[in-house]
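> My questions all concern the structure below.
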Amino acid sequence: MAEVDTPALSSPQLDSPVKRVEQLDRVVIRFAGDSGDGMQLTGDRFTSETAQLGNDISTLPNFPAEIRAPAGTLPGVSSFQVHFADYDILTPGDQPNVLVAMNPAALKANVPDLPTGADIIVNTDEFTKRNLAKVGYAVSPLEDGSLSEYSVHPVALTSMTVGALADSGLSKKDAERSKNMFALGLLSWMYSRPHESTMRFLERKFAKRPELVAANKAAFQAGWNFGETTESFSVRYEIKPARMRPGTYRNITGNAALALGLVAASVRARLPLFLGAYPITPASDILHELSKHKRFGITTMQAEDEIAAIGAALGASYGGSLGVTTTSGPGVALKGETISLAIALELPLVIVDVQRAGPSTGMPTKTEQADLNMALYGRHGEAPLAVVAPKSPSDCFHAALEAARIALTYRTPVILLSDNYVANGSEPWLLPEVSELPDLSVEFAAEPNGDDGRFLPYLRDPETMARPWAIPGTPGLEHRIGGLEKADKTGDISYDPANHEFMVRTRAARIEHITVPDVEVEDPDENSRVLVLGWGSTYGPIGAACRALRQRGLPIAQAHLRHLAPLPANLGEVLSAYDKVIVPEMNLGQLAHVIRAKYLVDVLPFNQVSGLPFTAATLENMLEDVVKNG
Amino acid sequence: MASPSIPLTPVKLTAKDFKSDQEVRWCPGCGDYAILAAVQGFMPELNIPRENIVFVSGIGCSSRFPYYMNTYGMHSIHGRAPAIATGLSASRPDLSVWVVTGDGDALSIGGNHLIHALRRNVNLKILLFNNRIYGLTKGQYSPTSELGKITKSTPAGSADSPFNPLSLALGAEATFVARTIDSDRKHLQSVLRAAAEHKGSAFVEIYQNCNIFNDGAFELIKDSTTRDDHLIRLEQGQPITFGPDGRYSVVHPEGSFGLKVQEGGPAIVHDAGVDDPAYAFALSRLSGSDLNTTPIGVFRSVERPSYDDLVQKQLEDAKAQATGTPDEMLAGLLNSGDTWTIL
């Protein structure tokens, strides 16, 4: 097979002599195509190039649950949105400024989201009669004037890719598969992105297929050159690096950050990590990531079902590992009985729930925050545990560490409520110094703790209320534990009414007793009468909406909860300091319900359960109304 | 136990060392007492320190077992003991992990975990006390109760066919499969010995009498007047014969897939080491609900890498490649991929 020669690309930092260069402060691009068109990869590469340039970034993939829905149909459309700017941003952007549509379905599915004047780059080769008919276009929208309010750039993407690879020795079909790289090359030229990381990526990805490395590089080059020469694109854009805190960054998704947080917890606790997991969207990537890091002493077990996954994790935890199970809502439902056992056994366990739209199978690739009630209450008996939630993709790292801290310090199961929005979204992550991460080391019980030389497995630490973690293999501490009610201190089976009452209240007090940081309030104007209270992944859109309001002179305060159980000690005081408290959630008001019940504050719920994250604009409009009209 | 990673004790332990301070609370006359005594009597043979032995159970009468053993123990939840024990065993190769379960616990609510533990060949010794009834919930039929069994929940007789636990285990390609009887202490302990020596999953079905809800279920093969006509004792390397003067033979009829019992004829020679599970499966099919021809002993004992060993090997190989302190490795991991620095 002939090697395709790839000439050096023109430096993206230099202005092209023939094109005008415009400065922008922010851009939102959406790559959309068929599930098989490689749009996630294209978006991912563009993001990586953009990160290298030092822009702040936020991304959001959107794909169907079906692996390959029928080609060219609306259900098969997969998209990836990237928002980048020369200042710090909080969301993947509400409306794309640029849409790359690889076929009529991608165009049709995404045009409604575009603002007037948006650029649309379409792959004209796919606008055949047959493909148009598949999505119900009687006439091509490229010809009937229906796109007149946008700036349409028709590009024969497929045929130009095939043309560029004519000498590659690849079949036409194989050559066509590189069309996403042509699109990436064109967009990289248009936004002056550095291309080196993509070249390195292609070399890694196709290390065993040099002909594909060459072909993809050539397609990228062809797209880049097309931008430079065609008259269809008269302007090239630059977005200056954002002023970000000094340090080393990488772009990271929530699931990857969460996995790394668990690795970090294992290292900082000096305990082996044992992950029991059953594949489930959108949590499986955590299993994939952790399975690569065995050198840290991490065992990953793909169990026969969700119940076995948590069972094995609990068994490992009993043996002295940091036991973890990762899943989504349907999996947590199945794990409920074992979580209750872990509560009775008072052993550390981290349960990660990457929430998706429910109930039942629901919409597995769409986001929701509707598992809060299940996390707080979804078990038989009085079965309290700790609940934490990350607020952004990179924050998943810190949330995982915090979940492990609570589990290990207080010997309790902890549910970590991530969701599809943060799990698959990405943003730049300022890498922490390992030495600054919390020390999570624990001490196993080594000798009997009773007066008479007996070992009392339920004698508590006066400070943490945690019982000793006495692992098998420790001589002299042989003891039996189980799901039956235990006598205080001795852990022997007990049906004594007073003891049960005491133990139930003790288990509740144990969780209430957990020390968590106070919730912080962001209120730069210091005279706000309205507080927005959120939790989990809504931090970005709420924050962006609050900033927009403040810029328009409307004061508003924002508080965001990392800890849902126990709630921060200062929360009641914070709530009482405002005339109005609004709680936006991607559910029907689950946190609002908790706040009302616990603090008797008549909070205003604002709810969206569409499977999509809030847009900043939606929240801005709602909050504006509250701030102005009370 | 046949694992180099489990330590041995220089101290000679006795049965008494394995008795916990808890009062045993099974019904008087329950077969579980005999099994408990046999296990406690056998444990010292292992020379494993008590602290390195763990009993994990599910729910049911038999699952109270761990409370009575002065080792580490967990009385977990219904059916999940094999899953919990898998996590413990895979992460702690220095432990001897025993699962105690019953016919409802292992074959009904926990059926999935049992077959997957067996197919993985986790280094667990699984003791299934089969009394063919639900005792703790007071007398409903179980997945090993005979078809047509009249119980509280089946006044007109049960309509479901029972599992043959050994056939099920062999279908999952368990590497060690045996059957014994609660009241035959010598045989029970010989089977436990073989199970303990086995590397990987050892599945032992113990016929156990529930004298309250299913009394006499196994009387045909226990009563000295009927036993010899129905009980087939499997002995490694010996022809399989039974009955007065070895009158009956287990034979392999030409052109047949299975084995059958006939008077006289060339008895096949028992070999638990036959790799193909079809042989042990054919043996397991000799016994049905009626116990008319019931083999006991070790049906299958073959070598296959255990899940635990494979998992530990992967960990060791990966760790051998690693350099630096854990904190340095973590810093390297966090900083991997495409990074950029802002000054």
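> Just the residues that are at pLDDT 95 or above and either outside the structural domain of A:PHE127 (by TED's automatic domain parsing) or in contact with a Ser or Thr (Cβ under 6 Å, 6 or more places away or on another chain) (or both), please, taken from region A:68-88.
Within region A:68-88, A:VAL82, A:HIS83, A:PHE84 qualify.
> Next up: Can you tell me which residue among B:ALA174, B:ALA169, B:ALA202, B:ALA196 is touching a residue at least 40 places away in the same chain (Cβ under 8 Å), surrounded by fewer than 22 Cβ atoms within 10 Å (Cβ to Cβ) and closer than 30 Å to B:ILE109 by Cα? Don't jump to the end; show me each part of the working.
Values: B:ALA174 fails: surrounded by fewer than 22 Cβ atoms within 10 Å (Cβ to Cβ); B:ALA169 fails: surrounded by fewer than 22 Cβ atoms within 10 Å (Cβ to Cβ); B:ALA202 fails: surrounded by fewer than 22 Cβ atoms within 10 Å (Cβ to Cβ).
Result of the check over B:ALA174, B:ALA169, B:ALA202, B:ALA196: B:ALA196.
> Take region A:449-466 and flag every residue that is at pLDDT 95 or above and more than 14 Å from chain B (Cβ to nearest Cβ).
A:ASN449, A:TYR458, A:LEU459, A:ARG460, A:ASP461, A:PRO462, A:GLU463, A:THR464, A:MET465, A:ALA466
> Taking A:ALA342 and the conditions (1) within 26 Å of the chain's Cα centre (by Cα); (2) more than 8 Å from every other protein chain (Cβ to nearest Cβ), which numbered condition does it fall short on, given that it satisfies the others?
Checking A:ALA342 against (1) within 26 Å of the chain's Cα centre (by Cα); (2) more than 8 Å from every other protein chain (Cβ to nearest Cβ), the one that fails is (1).
> Then there's this: Report yes if B:SER190 is at pLDDT 95 or above and surrounded by fewer than 18 Cβ atoms within 10 Å (Cβ to Cβ), otherwise no. Talk me through it step by step, then tell me what you get.
Details: at pLDDT 95 or above: yes; surrounded by fewer than 18 Cβ atoms within 10 Å (Cβ to Cβ): yes.
Yes.
To keep it simple, each residue is scored yes or no on (1) of a type in the set (Asp, Glu); (2) surrounded by fewer than 15 Cβ atoms within 10 Å (Cβ to Cβ); (3) away from chain A (no Cβ under 14 Å); (4) within 30 Å of A:THR300 (Cβ to Cβ).
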residue	(1), (2), (3), (4)
B:ARG247	no, yes, yes, no
B:GLY273	no, yes, yes, no
B:TYR279	no, no, yes, no
B:SER287	no, no, yes, no
B:THR294	no, no, yes, no
B:ASP308	yes, no, no, yes
B:VAL311	no, no, no, yes
B:GLU328	yes, yes, no, yes
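> Which count do you get for residues in region A:289-321 that are more than 10 Å from every other protein chain (Cβ to nearest Cβ) and either part of a strand (DSSP E or B) or more than 24 Å from B:LEU330 (Cα to Cα) (or both)?
2
> With the structure loaded, tell me whether A:ASN123 is of a type in the set (S, T, N, Q), within 33 Å of the chain's Cα centre (by Cα) and more than 30 Å from A:VAL21 (Cβ to Cβ) or whether it fails that test. Break it down stepwise before answering.
On the way: of a type in the set (S, T, N, Q): yes; within 33 Å of the chain's Cα centre (by Cα): yes; more than 30 Å from A:VAL21 (Cβ to Cβ): no.
Judged against the criteria, A:ASN123 is not a match.
> When only residues in region A:459-498 that are small (Gly, Ala, Ser) and part of a loop (DSSP other than H, G, I, E, B) count, which is surrounded by the fewest Cβ atoms within 10 Å (Cβ to Cβ)?
Only one residue fits best here, namely A:GLY476.
> Out of region B:1-33, which residues are in contact with a Leu (Cβ under 8 Å, 6 or more places away or on another chain), under 22 Å from B:LEU128 (Cα atoms) and buried (at least 19 other Cβ atoms within 10 Å of the Cβ)? Show your work before the answer.
So in region B:1-33, the residues in contact with a Leu (Cβ under 8 Å, 6 or more places away or on another chain) come out as B:1, B:6, B:24.
Now drop any that are not under 22 Å from B:LEU128 (Cα atoms), which leaves B:1, B:24.
Of everything in region B:1-33, just one residue is in contact with a Leu (Cβ under 8 Å, 6 or more places away or on another chain), under 22 Å from B:LEU128 (Cα atoms) and buried (at least 19 other Cβ atoms within 10 Å of the Cβ), namely B:MET1.
> (1) touching a Lys or Arg at 6+ places or on another chain (Cβ under 7 Å); (2) away from chain B (no Cβ under 12 Å): which one isn't true of A:ASN499, the others all being true?
Among (1) touching a Lys or Arg at 6+ places or on another chain (Cβ under 7 Å); (2) away from chain B (no Cβ under 12 Å), A:ASN499 violates only (1).
> For region A:210-219, how many residues are without any contact (Cβ under 8 Å) to a residue 60 or more places away in the chain and not aliphatic (A, V, I, L, M)? Before the answer, list the steps.
Looking only at region A:210-219, we keep the residues that are without any contact (Cβ under 8 Å) to a residue 60 or more places away in the chain, and these are A:212-213, A:216, A:219.
Imposing the further condition that a residue be not aliphatic (A, V, I, L, M) reduces the set to A:216.
Qualifying residue count for the region: 1.
> All but one of (1) facing another protein chain (nearest Cβ under 10 Å); (2) under 27 Å from A:TRP469 (Cα atoms); (3) part of a loop (DSSP other than H, G, I, E, B); (4) in contact with a Lys or Arg (Cβ under 8 Å, 6 or more places away or on another chain) hold for B:ARG25, so report the exception by its number.
The failed condition is (2).
> Please verify whether B:ARG247 is within 19 Å of B:LEU220 (Cα to Cα) and touching a residue at least 24 places away in the same chain (Cβ under 8 Å), treating the condition exactly as stated. Spell out how you get there, then give the answer.
Details: within 19 Å of B:LEU220 (Cα to Cα): yes; touching a residue at least 24 places away in the same chain (Cβ under 8 Å): no.
Taking the combined requirement at face value, the residue does not satisfy it.
One line per residue, one yes/no per condition, for (1) more than 20 Å from A:SER394 (Cβ to Cβ); (2) among the basic types (Lys, Arg); (3) in contact with a Phe, Trp or Tyr (Cβ under 7 Å, 6 or more places away or on another chain); (4) crowded, with 23+ Cβ neighbours inside 10 Å:
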| residue | (1), (2), (3), (4) |
| --- | --- |
| A:GLU228 | yes, no, yes, no |
| A:SER234 | yes, no, no, no |
| A:PRO241 | no, no, no, no |
| A:TYR249 | no, no, yes, yes |
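> Residues being within 13 Å of another protein chain (Cβ to nearest Cβ) and within 26 Å of the chain's Cα centre (by Cα): count how many of those fall in region A:322-337.
To start, the set of residues in region A:322-337 that are within 13 Å of another protein chain (Cβ to nearest Cβ) comprises A:322-325, A:334-337.
Still in the running and within 26 Å of the chain's Cα centre (by Cα): A:322-325, A:334-336.
Residues meeting the conditions: 7.
> Failed condition for B:THR323, given (1) under 30 Å from A:PRO272 (Cα atoms); (2) exposed (fewer than 13 other Cβ atoms within 10 Å of the Cβ); (3) of a type outside the set (Phe, Trp, Tyr); (4) in the same structural domain as B:GLU146 (by TED's automatic domain parsing), with all others met?
(4)
> Separate question: Taking A:THR506 as meeting all but one of (1) within 21 Å of B:MET74 (Cβ to Cβ); (2) crowded, with 17+ Cβ neighbours inside 10 Å, write down the number of the exception.
(2)
> May I ask you to list the residues in region B:144-164 that are of a type in the set (Gly, Ala, Ser) and touching a residue at least 12 places away in the same chain (Cβ under 8 Å)? Reasoning before the result, please.
Going residue by residue through region B:144-164, those that are of a type in the set (Gly, Ala, Ser) are B:145, B:148, B:153, B:156-159, B:161.
Correct list: B:SER145, B:SER153, B:SER158, B:ALA159, B:SER161.
> Can I ask one more? Just to be sure, is A:TRP469 under 29 Å from A:HIS380 (Cβ atoms), within 13 Å of chain B (Cβ to nearest Cβ) and of a type in the set (Phe, Trp, Tyr)?
Working: under 29 Å from A:HIS380 (Cβ atoms): yes; within 13 Å of chain B (Cβ to nearest Cβ): yes; of a type in the set (Phe, Trp, Tyr): yes.
Yes: the conditions hold for A:TRP469.
> List pairs: first residue in region B:58-81 and more than 8 Å from chain A (Cβ to nearest Cβ), second residue crowded, with 24+ Cβ neighbours inside 10 Å and of a type in the set (S, T, N, Q) anywhere in the structure, Cβ distance under 7 angstrom, at least six positions apart or on different chains.
B:GLY58/B:SER76; B:GLY58/B:THR101; B:SER62/B:THR101; B:SER63/B:SER57; B:SER63/B:THR101; B:PHE65/B:SER57; B:ALA81/B:SER57; B:ALA81/B:THR101
> Of all residues in region A:42-79, how many are closer than 16 Å to A:ALA101 by Cα and more than 17 Å from the chain's Cα centre (by Cα)? Break it down stepwise before answering.
Going residue by residue through region A:42-79, those that are closer than 16 Å to A:ALA101 by Cα are A:42-43, A:46, A:61-63, A:71-79.
Retained after the next criterion (residues that are more than 17 Å from the chain's Cα centre (by Cα)): A:42, A:46, A:71-78.
Looking only at that region, the number is 10.
> Is it the case that B:ALA90 is in a helix (DSSP H, G or I), touching a Ser or Thr at 6+ places or on another chain (Cβ under 7 Å), within 11 Å of chain A (Cβ to nearest Cβ) and farther than 20 Å from A:GLY491 by Cβ? Quick ask: steps written out before the conclusion?
Values: in a helix (DSSP H, G or I): yes; touching a Ser or Thr at 6+ places or on another chain (Cβ under 7 Å): yes; within 11 Å of chain A (Cβ to nearest Cβ): yes; farther than 20 Å from A:GLY491 by Cβ: yes.
Considered against the rule, which asks whether it is in a helix (DSSP H, G or I), touching a Ser or Thr at 6+ places or on another chain (Cβ under 7 Å), within 11 Å of chain A (Cβ to nearest Cβ) and farther than 20 Å from A:GLY491 by Cβ, B:ALA90 comes out as yes.
To keep it simple, each residue is scored yes or no on (1) buried (at least 24 other Cβ atoms within 10 Å of the Cβ); (2) without any contact (Cβ under 8 Å) to a residue 12 or more places away in the chain; (3) out of contact with any Pro (no Cβ under 6 Å at 6 or more places or on another chain); (4) in a helix (DSSP H, G or I).
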site: A:GLU22; (1), (2), (3), (4): no, no, yes, no
site: A:ASP44; (1), (2), (3), (4): no, no, yes, yes
site: A:SER48; (1), (2), (3), (4): no, no, yes, yes
site: A:PRO64; (1), (2), (3), (4): no, no, no, no
site: A:ALA69; (1), (2), (3), (4): no, no, no, no
site: A:PRO75; (1), (2), (3), (4): no, yes, no, yes
site: A:SER78; (1), (2), (3), (4): yes, no, yes, no
site: A:GLN81; (1), (2), (3), (4): yes, no, no, no
site: A:LEU90; (1), (2), (3), (4): no, no, yes, no
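> From A:VAL100, A:VAL82, A:VAL111, which residue is among the β-branched types (Val, Ile, Thr) and more than 25 Å from the chain's Cα centre (by Cα)? Don't jump to the end; show me each part of the working.
Values: A:VAL100 fails: more than 25 Å from the chain's Cα centre (by Cα); A:VAL82 fails: more than 25 Å from the chain's Cα centre (by Cα).
The conditions single out A:VAL111.
> Among the residues of region A:579-630, how many are part of a loop (DSSP other than H, G, I, E, B), within 29 Å of the chain's Cα centre (by Cα) and more than 21 Å from A:ARG356 (Cβ to Cβ)?
Going residue by residue through region A:579-630, those that are part of a loop (DSSP other than H, G, I, E, B) are A:579, A:586-589, A:600-603, A:608-615, A:630.
Adding the requirement that they be within 29 Å of the chain's Cα centre (by Cα) leaves A:586-589, A:603, A:608-615.
Still in the running and more than 21 Å from A:ARG356 (Cβ to Cβ): A:603.
Residues that pass the stated criteria total 1.
The values are calculated or read from the model by the stated rules, or taken from the named source; none is laboratory data. Quantities reported herein were computed from a predicted structural model and do not represent experimental measurements. FYI the Cβ positions are ideal-geometry reconstructions off the backbone, even for glycines, and counts take in every protein chain you see.
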